[in-house]
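Colleague: Please read through the structure below; I'll follow up with questions.
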Amino acid sequence: MYKLSVSEFLLKISEGLKRPITEKDVFSERIEIGHLKRIDKLFEKGIHYYLDPKAPENAKEASIFFRKESFGTDLNFRAKQIVSQFEELKISISAISKLAELDTKRKIPKFSIIDNPEKVAKEFRQILYPNFTSKRRDFLKALISKFAESNILVFEFVETHNRKEKANIDGFFLKPNVIVLKRHQSFRREIFTLAHELGHFLLDKEEIELLDYNVIADLHLSSIERWCVSVRATTLAIGLHIS
C-alpha cells in the first residue's frame, strides 16, 4: 500500500535511535514490543492490528492504492497515511449504515468527460448550492450540508503545526461518495477544493491531489482535470467573491 522498500521502512522506524533497527529485528518470528510500537507510530493502526492472525487485505475494496497506480500528485508518506485513515472510515461507515439500514447509496448519476461540464455543473448547482451568504465559513458549512442531503459525505483533516511531515495534498475523492478536504486557515481554499472534488465525484474518477489555486485552465492538465476545473468554475460562478 505504501510502496516502502525495506531500507526506507527501517530508516523511518529507526528515526532518533543511536542504534538503528535492523531487518533481523523486525522480520523474524519474535519482535520486541518497543520495535512494534515504533512500527505502529508509523502506520497508526493500533497494537491490536498486529495481533490479528488474519492477513492484511490487498483487495481493491480495501484501498485506493490497490485500485489506482498513479495520482496527480507525487504523494508523500503522510498523505498516504491520511488517505488510508479515511478509507478505513469509509468502510466503517458503510458497515454501520448496513446494520442501521440507512441508505447511503449514490443518488446522483455518473457522467463522463464527453458531457458538457458547464451544463452538468449548472444542473447540479441547483441541487447542491446553498442559500447565499457572504461569510465563507458559513457558506462552506452550508455547502457540506447540501452535499450530505445527496449522500455525498464530506470530511476534513487537520495537520498540527508541530508535525514534521505534512500531507502534500489539498483533498481527494474516494468512491463511491466520500470527499476529504484539508483544513486550511483559508475557507476560500477549502471551498475551491470541494468544488473541484465535486467534479471527480460526478465523473466517478478517484483522485488525490494538491491543487494550484491560481490555475483556472492549463493545457498541460489531463482531460479529466480540465473537466473538473470547468465544473469548479461554473459551480462557484455566482459566488466568486466569497470563493
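The values are calculated or read from the model by the stated rules, or taken from the named source; none is laboratory data. All figures in this text were calculated on a predicted structure; none of them were measured in a lab. Reconstructed Cβ throughout: ideal geometry from the backbone, glycine too, with neighbour counts over all protein chains shown. Heavy atoms of the whole protein, side chains included, go into the accessibility calculation; ligands, DNA and RNA do not. Shrake-Rupley method; radii C 1.70, N 1.55, O 1.52, S 1.80 Å.
Colleague: In debye, nearest 20, what is the charge dipole magnitude of the chain about its Cα centre with +1 on Lys and Arg Cβ and -1 on Asp and Glu Cβ, if you could check?
Modeller: Taking the Cα centre of the chain as origin, the dipole is about 500 debye.
Colleague: I need the P(r) histogram for region 31-119: all alpha carbon pairs, bin width 5 Å from 0 out to the longest distance, whole percents.
Modeller: 3, 9, 13, 17, 18, 16, 12, 5, 3, 2, 1, 0
Colleague: Using alpha carbons only, how many degrees (0 to 90, rounded to 10) separate the axis of helix 33-43 from the longest principal axis of the chain?
Modeller: Rounded to the nearest ten degrees, it is 20.
Colleague: Nothing charged except the Cβ atoms of Lys and Arg (+1) and of Asp and Glu (-1): what's the magnitude of the dipole of region 159-205 about its Cα centre? Round to the nearest 20 debye.
Modeller: 160
Colleague: How many angstrom separate the Cα center of region 33-82 from the Cα center of region 130-206?
Modeller: 23
Colleague: If we sort 39-52, 187-200 on the protection proxy, mean other Cβ atoms within 10 Å, highest first, what's the order?
Modeller: My ranking of the peptides, most packed first, is 187-200, 39-52.
Colleague: Then there is this: Could you give me the ³J(HN,Hα) list for region 83-96, computed from phi with Karplus coefficients 6.51, -1.76, 1.60 and θ = phi - 60°, whole Hz, x at Gly and Pro?
Modeller: 4, 4, 4, 6, 5, 5, 4, 4, 5, 5, 4, 4, 5, 5
Colleague: Taking the Cα centre of region 1-69 as the origin, how large is its charge dipole in debye, to the nearest 20, when only Lys and Arg (+1) and Asp and Glu (-1) carry charge on their Cβ atoms?
Modeller: Numbers: 14 positive and 12 negative charges, 29 e Å.
The dipole of region 1-69 has a size of about 140 debye.
Colleague: In Å², and per residue, what accessible area does region 1-141 have when probed at 1.4 Å with the other protein chains present?
Modeller: Value returned for region 1-141: 71 Å² of accessible area per residue.
Colleague: What is the angle, in °, between the Cα long axis of helix 223-235 and the longest principal axis of the Cα atoms in the chain? Nearest 10 is fine, range 0 to 90.
Modeller: Rounded to the nearest ten degrees, it is 50.
Colleague: Over region 39-172, what is the relative contact order in whole percent, taking alpha-carbon pairs under 8 Å and six or more residues apart?
Modeller: For region 39-172, the relative contact order is 29 percent.
Colleague: Please determine, in degrees from 0 to 90 and to the nearest 10, the orientation of helix 117-128 with respect to the longest principal axis defined by the Cα atoms of the chain, where the helix direction is its Cα long axis.
Modeller: The two axes meet at around 90 degrees.
Colleague: Expressed as a whole percentage, what fraction of the accessible surface of the chain belongs to carbon and sulfur atoms when a 1.4 Å probe is rolled over the protein heavy atoms?
Modeller: Exposed carbon and sulfur together represent 54 percent of the surface.
Colleague: Report which label in (1) 20.2, 62; (2) 16.9, 48; (3) 20.3, 68 holds the value of Rg and Dmax of the Cα atoms in Å derived from the coordinates of this structure.
Modeller: Computing Rg and Dmax of the Cα atoms in Å and matching it to (1) 20.2, 62; (2) 16.9, 48; (3) 20.3, 68 gives (1).
Colleague: By average Cβ neighbour count within 10 Å, what is the ranking of 202-210, 221-229 from highest down?
Modeller: Result, highest mean first: 202-210, 221-229.
Colleague: Would you calculate, for the chain, the mean residue ellipticity at 222 nm contributed by helices, counting each DSSP H stretch of 4 or more residues as -39,500 (n - 2.57) and dividing by all residues, to the nearest 500?
Modeller: After summing the helix terms and dividing by residue count, I get -14000 deg cm²/dmol.
Colleague: Here is a follow-up. Can you give the relative contact order of the chain as a percent, counting alpha carbon pairs under 8 Å and 6+ residues apart?
Modeller: The normalised contact order for the chain reaches 19 percent.
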